[in-house]
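Just below is one structure, and these are the notes that go with it.
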Amino acid sequence: MVITIERDAQHSDLLDAALNRVFHTGFDDSLTEVAPQYWRPWIGHQLHPDRPFPAIPVGVETGPGVRANQRPKPDTIMYPRLVHTEEPITTEAARIRGIASTSTIGLIVDEKGIPWDMVIVRPLGMGLDEMAVLTVMRFRFTPAVKNGRPVPVWINVQENFRD
């Protein structure tokens, strides 16, 4: 079906505004305000690609990890290890379409090994990102350690969805 709309040169801005409300194709800052917290950094990056993504909070460690059986150097972070994991549940929409892929979630593992402040880093759509966040919320880790003390650390977790 084809719809033809004749433009009135005198009122073209009104027509454009009306069509944009019906057939919205982009993001604006208002979407960021109503989106779930874990989507906001990704949407903000789509709107403002010059901003760092994801923005890692001040005081949260990042950097190279230490291999097993390797003695850490001073100021080296021993990264958290996953001690409790669960399989993500796929959505009906993704199952019907046979989508099998990986969603990447950025998060902070706190000093107790609990994940928080999750951010969708690489989205999949079809509700799979939300399912990945819900699953990762139930993960538990050994905390990261720096200079013999637990510290919060930023990591990325990949959730694999199989059809």
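The values are calculated or read from the model by the stated rules, or taken from the named source; none is laboratory data. Bear in mind the structure is a predicted one, so any value in this text is a computation, not a measurement. Don't worry about glycine lacking a Cβ; one is built from the backbone with ideal geometry, like all the others, and counts go over all protein chains shown.
Points worth noting:
- Residue that is surrounded by the fewest Cβ atoms within 10 Å (Cβ to Cβ) [pool: residues in the stretch 88-111 that are under 19 Å from Ile56 (Cβ atoms) and among the charged types (D, E, K, R)]: Glu111
- Among the conditions (1) in contact with a Pro (Cβ under 7 Å, 6 or more places away or on another chain); (2) modelled with pLDDT of 85 or more, Ile99 misses just one, which is (1).
- Residue within the stretch 73-85 that is at pLDDT 90 or above, surrounded by 11 or more Cβ atoms within 10 Å (Cβ to Cβ) and either at positive phi or touching a helix residue (DSSP H, G or I) at 6+ places or on another chain (Cβ under 9 Å) (or both) present: yes
- Note on the stretch 80-130: residues that are part of a loop (DSSP other than H, G, I, E, B) and either among the polar types (S, T, N, Q) or in contact (Cβ under 8 Å) with a residue 60 or more places away in the chain (or both) total 11.
- Top-ranked residue of the stretch 112-143 - restricted to ones that are of a type in the set (D, E, K, R) and within 24 Å of Glu92 (Cβ to Cβ), ranked as surrounded by the most Cβ atoms within 10 Å (Cβ to Cβ): Asp129
- Pairs meeting the criteria (first residue in the stretch 37-60 and closer than 25 Å to Asp110 by Cα, second residue in a loop (DSSP other than H, G, I, E, B) and among the hydroxyl-bearing types (Ser, Thr, Tyr), beta carbons under 8 Å, at least 6 apart or on different chains) are Ile56/Thr62.
- Of all residues in the stretch 144-163, those that are closer than 24 Å to Ala94 by Cα and surrounded by 18 or more Cβ atoms within 10 Å (Cβ to Cβ) total 3.
- Residue match in the stretch 146-161 (condition: within 14 Å of Pro80 (Cα to Cα), among the hydrophobic types (A, V, I, L, M, F, W, C), assigned to a loop (DSSP other than H, G, I, E, B) and in contact (Cβ under 8 Å) with a residue 24 or more places away in the chain): no
- For Gly59, the criteria (1) within 20 Å of Phe141 (Cα to Cα); (2) assigned to a loop (DSSP other than H, G, I, E, B); (3) modelled with pLDDT of 90 or more hold in every case but one, which is (3).
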